[in-house]
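The values are calculated or read from the model by the stated rules, or taken from the named source; none is laboratory data. Source: prediction; values computed, not measured. Note that each Cβ is placed from the backbone with ideal geometry, even for glycine, and that neighbours are counted across all protein chains shown. Each accessible area value is taken on the protein alone, full model and side chains, heavy atoms only, with ligands, DNA and RNA left out. Shrake-Rupley method; radii C 1.70, N 1.55, O 1.52, S 1.80 Å.
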Amino acid sequence: MTAVLPLHPKIPSSLSHGSGETVVWRPAGAHSFIKRVCSTRADADLWTARRSREPRRRRSIRSLGGVPPNLRGVPNTEFSSENDADQRPDAEAVPTTGSLDGVQRAAITALAETVQPVSDELGAHFASHGQELALVGGPVRDALLGRRSNDVDLTTDAVPSRILELVDGWADSVWTVGIEFGTVGLRKKNHQLEITTYRSESYSPKSRKPDVAYGTNIHDDLLRRDFTVNAMAVRLPGLEFVDPFGGLADLRAGVLRTPGRPEDSFSDDPLRIMRAVRFAAQLGFTLAPEVAEAARDMADRLSIVSAERVRDELTKLMVSPDPRRGIELMVELGIAEYVLPEIPKLRLEIDEHHRHKDVYEHSLTVLDQAVDLERERGHEPDLVLRLAALLHDVGKPKTREFEGGGRVTFHHHEVVGASMSRKRLTALRFPKDVVSDVSTLVGLHLRFHGYGKGEWTDSAVRRYARDAGSQLERLHILTRADCTTRNRRKAATLSRAYDDIERRIGKLAEQEELDRIRPDLDGNEIQEILGLSPGPVVGKAYRFLLELRLENGPMSKEEAAGELRTWAAEHL
């Protein structure tokens, strides 16, 4: 039985693959074909029967508007020899599934062109020295999805010392920060590349660092990768497409599967559990049932992964097209307990006597609305804003009190939430500015609710803008997103009120440059007027004048000096 698969014309005439199988490449211009010949007809029939008993869950790629056009219509014909299982008993090696259509072939060609001279020069250089080289993982996946990728990830059978020998004199610069993990970084012209030796890696039960072992063939390297959609490669310089585990079919179906057993994959690197929910948010994929089950059962393994690696995955999830989807999966699968334990705690128990808003669902809705407003206002995905939207009510469980008449209150939850946010983000090793900005927004997110119908004085509006500082635009978005009421009249009233405060801030900013408000007298003038030397008293006088400035607006230096003398007579 034969699957005839069109591929790119730049391919060799033949290639052996696996045990008992042959891949035959037949160049024929734009209509090149690949034949994969199973060992026997019985092998192919057995494979087809087995796969027919394993229906795939299908889902459109929401964040990309459904399955990309270049993946529609890819036939789901899969053939394999049982001898492939010899590579690893629990891994099902699936030959190149379906066919690359014209658009996909063009995407692979374009990928190779974008990384020139890597694909031709470096590929030929490695081959001439008896070494393999291939584009692998995310760049291949993204090319087939029609997405741009800034990464250039390469894999080879050459060990790191050999890689260094081969790129010496070719690369413009080389760095070896990741060499202990088999990775050599280099730059050529405007390309930044990473070349990694074929490898397998795993974590011991209590280790935070993986044990790395080098491999000798691309099949085993792809087998150890996280998901089948990332276990595809393009050999250089010939552009042969390598897909032993059915990544193309899973890409078309929008499903995340692992090349081998998910339990083994997650044990090899527990961070893949986080990566699974990140891809669900980033690409709109669903998790295969066995992958979801393994993630749920092994979520506690995340505790051995370094905070920095977890943080990086969470960051990618939060700036993805659908962060809510990723957070929902984290909670559903028990992953959040080890990353953001405050979030599942938002699912406050609701009983028949003390009804209140579902804080968890409310927080997810605020996150959704913040993302929508972010886009409407022309901003790029904003990590700080999205974290603040997700965490803005984390103080509610600790501040919940039941009062008479079935009323529930959360007094000062914004203050408690700001402290909790700071603590959690610090534990996850987020940069200090991110920690500070998120906690500031959480602490300020209720401030607007005292605005009413515009009763605030100009001085109150100045303080609001002054306290927000550089976070004012984010606070505008967060406060608007925090309105999740289904009462249209109430929602419209709140929207008009916030339109009004933004208008007033804009008008005052034009008049007074709110972002640069300073007292009408500086520190030197304060010292001269009061006859003081530098010290704490000057700071107190400065803060008094700043409050006066916020309350009354600009004053002349003579007026400010008079107020300062009056204050000094009472307080010094």
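Side notes on the structure shown:
- Members of 316/490; 316/345; 188/316 lying beyond 31 Å, as alpha-carbon distances in this model show: 316/490
- q = 0.15, 0.17 Å⁻¹, segment 335-428: log10 I(q)/I(0) [Debye, one scatterer per Cα]: -0.64, -0.80
- Relative contact order (%) - criterion: Cα under 8 Å, at least six apart; region: segment 519-572: 44
- Across segment 434-499, the mean sequence separation of Cα contacts (distance under 8 Å, 6 or more residues apart), normalised by length, yields a relative contact order of 40 percent.
- C-alpha center-to-center spacing [segment 222-286, segment 443-492] in angstrom: 44
- Across segment 359-505, Cα-Cα pairs farther apart than 24 Å form 32% of the total.
- Remark: accessible surface ordering of 403, 559, 240 (largest first) is 559, 403, 240, probe radius 1.4 Å.
- The string of couplings for segment 405-412 from the Karplus curve (6.51, -1.76, 1.60, θ = phi - 60°) is x, x, 7, 10, 10, 9, 4, 6 Hz, one whole number per residue in order, with x for Gly and Pro.
- Highest-first packing order for the peptide set 110-123, 296-309, 170-183 is 110-123, 296-309, 170-183, based on the mean count of other beta carbon atoms within 10 Å.
- Within the full protein context, the accessible area of residue 132 is estimated at about 70 Å² for a probe radius of 1.4 Å.
- Farthest toward the positive end of the dipole of segment 397-514, out of 491, 451, 431, is the Cα of 491, where the dipole comes from beta carbon charges about the Cα centre.
- Residues of segment 533-568 with amide N under 11 Å of the 7 Å Cα→Cβ point at residue 466: 543-554
- Heavy-atom accessible area with a 1.4 Å probe sorts 424, 543, 489, largest first, into 489, 543, 424.
- Debye equation applied to the C-alpha atoms of segment 374-434, log10 I(q)/I(0) at 0.13, 0.28 Å⁻¹: -0.47, -1.11
- Extension reserve of the residue 297-residue 116 stretch, reckoned as 0.36 nm per residue once the Cα distance is removed: 60.8 nm
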